[in-house]
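Colleague: Quick one: the structure is below, questions incoming.
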Amino acid sequence: MAKTISAALALVGMSLAAPVAYALEPEMVDGKFKEVRVLTPVTKAGELKPLKQAGMVAFFSPLAADLFAQEWRKRPGNEGEFRVAPLALTQFESAYLAAKESNSDLAKTYVPDPAQIPAVVGLQLQQGRTMEEARSLARREPYVFCPDPLVRITQTQDGKSSTVVPCAFTFTSMALLVNRTNQNAKAPTVLRAYSLQEMVQFLSEQSGDDARNLVIASPIAAPTAEN
């Protein structure tokens, strides 16, 4: 799985911090995304199913998949059930790279959660984008919300302490964290929105504790075990 994310995503845009001499290993970069799940179209047999024009598609919320399916059914020739299944983002990217080897024209489409778009637009405006740029980017790709400066949370389990640096694909959870952080902060913490490319670039360029401890909450909940 090494280099899956960094190979599949173009490394463009600004990083969360200035580059340093050493970066996280590609396996560690991939590891930051292995718990991030997306929904992707599948056949009745459960095999990944590229779609005409869109290619391989990753939905970053059930709502995104539902709205896409509604439009998909309106197109001539699209009959039957529109099936999706959860898949780790790293597995999706690996499958895409493998499929592209035999079909160089295969496209890939990210469909962000519509519920997050207004927040992304607002934060992109604060980060210097024009309204047109902000709207276009927010509709085209998913964004990860992170506090700035990054927030470090110390956790203790079985007598052992560990530090987590949280980010998420959902605005609300990170906004609540920022609000709590600012209650007793001397300097204000703000919320920023970063594209997947920017997150990969940050992780690929940084070797500090913040990069190593960064955890990205999945936009799709983990399936629960059935009793």
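The values are calculated or read from the model by the stated rules, or taken from the named source; none is laboratory data. Owing to the predicted nature of the structure, the values given are computational and were not obtained by experimental measurement. Positions of Cβ are backbone-derived with ideal geometry, glycine not excepted, and every protein chain shown enters the neighbour counts. Protein only, heavy atoms only, side chains kept; ligands, DNA and RNA dropped before computing areas. Shrake-Rupley method; radii C 1.70, N 1.55, O 1.52, S 1.80 Å.
Colleague: Treating the beta-carbon of each Lys and Arg as +1 and of each Asp and Glu as -1, no other charges, what is the dipole magnitude of the range 59-102 about its Cα centre, to the nearest 20 debye?
Modeller: Value, rounded to 20: 120 debye.
Colleague: Can you tell me how the range 169-227 classifies by the Cα gyration tensor, rounded, prolate or oblate, using a/c under 1.5 as the rounded cut? The partial results should precede the final answer.
Modeller: On the way: a/c = 2.02, a/b = 1.20, b/c = 1.69.
Oblate, because a/c is 1.5 or more while a/b does not exceed b/c.
Colleague: Another question, then. Compute the relative contact order of the range 158-222 as a whole-number percentage, counting only Cα pairs closer than 8 Å that sit 6 or more residues apart in sequence.
Modeller: Here the relative contact order equals 56 percent.
Colleague: Hey, what's the chain come to in accessible area per residue, 1.4 Å probe, Å²?
Modeller: 56 Å²
Colleague: Another one. Run the helix sum for the chain: -39,500 (n - 2.57) per DSSP H stretch of 4+ residues, divided by residue count, reported at 222 nm to the nearest 500 deg cm²/dmol.
Modeller: Calculated mean residue ellipticity at 222 nm is -11000 deg cm²/dmol.
Colleague: Counting pairs of alpha carbon atoms under 8 Å apart in space and at least six apart in sequence, what relative contact order in percent does the chain give?
Modeller: 30 percent
Colleague: Hey, another quick one. In this model, which of Lys44/Lys108; Lys34/Lys100; Lys34/Lys74; Lys34/Lys186; Lys32/Lys186 are farther than 28 Å apart at the alpha-carbon?
Modeller: Values: Lys44/Lys108 21 Å; Lys34/Lys100 21 Å; Lys34/Lys74 34 Å; Lys34/Lys186 35 Å; Lys32/Lys186 30 Å.
In this structure, Lys34/Lys74; Lys34/Lys186; Lys32/Lys186 exceed 28 Å between Cα atoms.
Colleague: Please label the shape of the range 24-80 as rounded, prolate or oblate, based on the square roots a ≥ b ≥ c of the eigenvalues of the alpha-carbon gyration tensor (a/c under 1.5 means rounded; beyond that, a/b larger than b/c means prolate, else oblate).
Modeller: Details: a/c = 2.80, a/b = 2.28, b/c = 1.23.
Prolate, since a/c reaches 1.5 and a/b exceeds b/c.
Colleague: Grab the alpha carbons of the range 67-173, take their convex hull, and tell me the volume per residue in Å³.
Modeller: 195 Å³
Colleague: I'd like the distance separating the alpha-carbon centroids of the range 30-100 and the range 120-174, in whole Å.
Modeller: Computed from Cα coordinates, the inter-centre distance equals 24 Å.
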